[in-house]
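Have a look at the structure below before the remarks.
None of the figures in this text is laboratory data; all of them are computed from the coordinates on show. Because the structure is a prediction, the values reported are computed rather than measured. Note that we place each Cβ from the backbone using ideal geometry, even for glycine, and neighbour counts take in every protein chain shown.
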Amino acid sequence: MKSTGIVRKVDELGRVVLPIELRRTMDIDKGDPMEIYVEGNSIILRKFESQGTCVVCGNSKKLTIFKDKSICENCRKELAL
């Protein structure tokens, strides 16, 4: 695990703000679902990416895996233009 040197306080509702630099680097947008893992005494956050739906349109039919991401046949054809 790599330290960023960034420290944030937990607010009264248990929230922690992720700095914009990390959100941009990790391609995390407002409203993106996040997975929460626990490993030993560490909490790990990871952007949730369903392998059952297209990362572009959300379709769940005729999927192909490309660089660990699911993409449907229609979006693959449109991206090939």
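Data table
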| item | result |
| --- | --- |
| Extension gain from L22 to T64, taking 0.36 nm per residue of separation minus the Cα-Cα distance | 12.3 nm |
| Whole-number percent relative contact order across the chain, with pairs defined as alpha carbons under 8 Å at least 6 apart | 14 |
| Stretchable slack from V10 to C57, in nm (0.36 nm times residue separation minus alpha-carbon distance) | 13.5 nm |
| GNM result for the chain, Cα springs below 10 Å: residue of I71, I43, I28 fluctuating most strongly | I43 |
| Per-bin percent of Cα-Cα distances, region 1-48 [5 Å] | 5, 15, 26, 33, 19, 3 |
| Label-point separation in nm, D32 to K2, each point 7 Å along Cα→Cβ | 1.6 |
| Computed log₁₀ I(q)/I(0) - Debye formula, equal Cα scatterers, no solvent, the chain, q 0.18, 0.19, 0.21, 0.26 Å⁻¹ | -0.91, -0.96, -1.07, -1.34 |
| Where chymotrypsin sites (Phe, Trp or Tyr not before Pro) fall in DSSP loop in region 1-77, at most 16 other Cβ within 10 Å | F48 |
| Computed helical MRE - 222 nm, the chain, DSSP H runs ≥ 4 contributing -39500 (n - 2.57), nearest 500 | -4000 deg cm²/dmol |
| Loop sites in region 1-54: trypsin sites (Lys or Arg not before Pro), DSSP, at most 12 other Cβ within 10 Å | K2, R8, K9, R15, K30 |
